[in-house]
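In what follows, a single structure is set out as structure tokens and then discussed.
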Amino acid sequence: MFKVVIKKVSENIVKSKLRIKGIMLVIIAAMLWGVSGTVAQYLFQKKEFTPEWLVVIRLLVSGVALLIYSSIKGKQDIFEIWKSKNDRLNLLLFSIMGMLGVQYTYFAAIKYGNSATATILQYLSPVIITCYLAIRTKKIPSMQEIIAIVLALSGTFLIITKGNIHSISISKLSLFWGISSAFAAAFYTLQPRSLLKKWSSVLIVGWGMLIGGIAFSFIHQPWDCTGQWSVASVLSIIFVVLFGTLIAFTCFLESLKYIKPTESSILSAAEPLSAALLSVVWLHEQLGIAEWLGTALIIITIIVLSYAKRVENPKVVEKIVSSIN
């Protein structure tokens, strides 16, 4: 009897340690995404790099790296996905409309505004998904979802007006690209669900980034770079590509081994908070009480929707959400 008790206690300690590990991993991932947005703002506004160049470089380098990782660690042939016509079409659609769309709109929103506002506006995507699924399933949203929608709209209003209904406190381009980023993120989340049922998220995201980067290269060549090169610039670019993409994505996926997707989604709310804090501390952005309150409302929205059960397969959706930024 005593041995059984000791064994159970030991198992609980191990589970507790693994749970803490999962929580730490997802917080690290969220903070890296938030910080990478602020670093991108530094590159755009202080070093005069363009979103177009950073997007194409980030997609190409990260895409190749993820596919190499998938071929080494994964159990699937990375080229097998191209044998199915339906999978090919879905992958191309995801790569160009989803991956490229969400990356470019997010960075454009940062360029014309700041990383805090861009990240917060992009986090309206769960509300868009909720509304879409309500229309598609012809079901009235639950009280939980209605509350989340009201919170999100209230938060957005406070962020873009600072509480003054007669003015818009951010540039129209920043607002346009921020809202566009939310719609792109919603599409990016929903569109590849059929692919994710058959293929690993690393493989899908790797191909998505590479194809998106190749497609965007026809619009902006990777060698066509304007900006002020310095040690700080190089380190910033490395951070966005390596830490803000590859390491963050790996940490998030690893966290799903130890904690539930719902918990990961809630903890990922650290991303807009870290982006806002770093923008204020490092880039000296001025955020008033209204903006902080709006940020808090949207973070609460994320938490509320994480408990909603309308999404058909949250584990599938969660895999792809992890690499948006």
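The values are calculated or read from the model by the stated rules, or taken from the named source; none is laboratory data. As the structure is a computational prediction, the values presented were derived from the model and not from experiment. Reconstructed Cβ throughout: ideal geometry from the backbone, glycine too, with neighbour counts over all protein chains shown. Just the protein is used for accessible areas: all its heavy atoms, side chains included, with ligands, DNA and RNA removed. Shrake-Rupley method; radii C 1.70, N 1.55, O 1.52, S 1.80 Å.
Rank Gly163, Leu283, Ala65 by how far each Cα sits towards the positive end of the charge dipole of the chain (+1 on Lys, Arg Cβ; -1 on Asp, Glu Cβ) and give me just the farthest.
My answer, from the dipole projection, is Ala65.
I want to check the label-to-label distance for Leu93 and Ile146. Put each point 7 Å from Cα in the C-beta direction and report it in nm to one decimal.
3.3
Rolling a 1.4 angstrom probe over the protein heavy atoms, how many square angstrom per residue are accessible across the stretch 11-154?
47
Looking only at Ser84, Ser154, Ser268, which one moves most when the chain is put into a Gaussian network model with springs between Cα atoms under 10 Å?
Ser84
When only DSSP loop residues count, what GluC sites (Glu not before Pro) in the stretch 9-81 have their Cβ near at most 12 other Cβ atoms within 10 Å?
Glu48
Please compute the contact order of the chain in relative form: average sequence separation of alpha-carbon pairs under 8 Å and at least six residues apart, divided by the residue count, as a percent.
38
Along the positive direction of the dipole of the stretch 39-169 (beta-carbon charges: Lys, Arg +1; Asp, Glu -1; about the Cα centre), which of Ala148, Trp82, Ala116 reaches farthest?
So the residue we want is Trp82.
Can you give me the % of accessible surface on the stretch 106-236 that is carbon or sulfur? Probe 1.4 Å, all protein chains present, nothing else counted.
Details: 4290 of 6030 Å².
Answer for the stretch 106-236: carbon and sulfur cover 71 percent of the accessible area.
Multiply the residue separation of Trp223 and Lys260 by 0.36 nm, subtract the distance between their alpha-carbon atoms, and state the gained length in nm to one decimal.
9.1 nm
Say the cut-off is 21 Å between C-alpha atoms; which of Lys47/Lys172; Lys139/Lys257; Lys21/Lys260; Lys139/Lys198; Lys17/Lys197 go over it? Can you show the working numbers first?
Working: Lys47/Lys172 23 Å; Lys139/Lys257 33 Å; Lys21/Lys260 13 Å; Lys139/Lys198 28 Å; Lys17/Lys197 30 Å.
Exceeds cut-off: Lys47/Lys172; Lys139/Lys257; Lys139/Lys198; Lys17/Lys197.
Each label point is 7 Å from the Cα along the Cα-to-Cβ direction; what then is the distance between the points at Lys47 and Asn86, in nm?
4.5
Can you work out the FRET efficiency for the pair Ile289 and Lys172, with r the C-beta to C-beta distance and R0 = 41 Å, to the nearest 0.05?
Details: r = 23 Å, r/R0 = 0.57.
The pair Ile289/Lys172 has a calculated efficiency of 0.95.
Please work out the ratio of the alpha-carbon Rg of the stretch 17-76 to 2.2 N^0.38 Å and round it to two decimals.
The reported ratio for this selection is 1.50.
What FRET efficiency, computed as 1/(1 + (r/R0)^6) with R0 = 45 Å and r the Cβ-Cβ distance, is obtained for Gln191 and Val231, rounded to the nearest 0.05?
On the way: r = 40 Å, r/R0 = 0.88.
Computed FRET efficiency for Gln191 and Val231 comes out at 0.70.
Divide, for the stretch 84-210, the radius of gyration over alpha carbons by 2.2 N^0.38 Å, where N is the residue count.
That ratio works out to 1.18.
Treating the beta-carbon of each Lys and Arg as +1 and of each Asp and Glu as -1, no other charges, what is the dipole magnitude of the chain about its Cα centre, to the nearest 20 debye?
Value, rounded to 20: 1300 debye.
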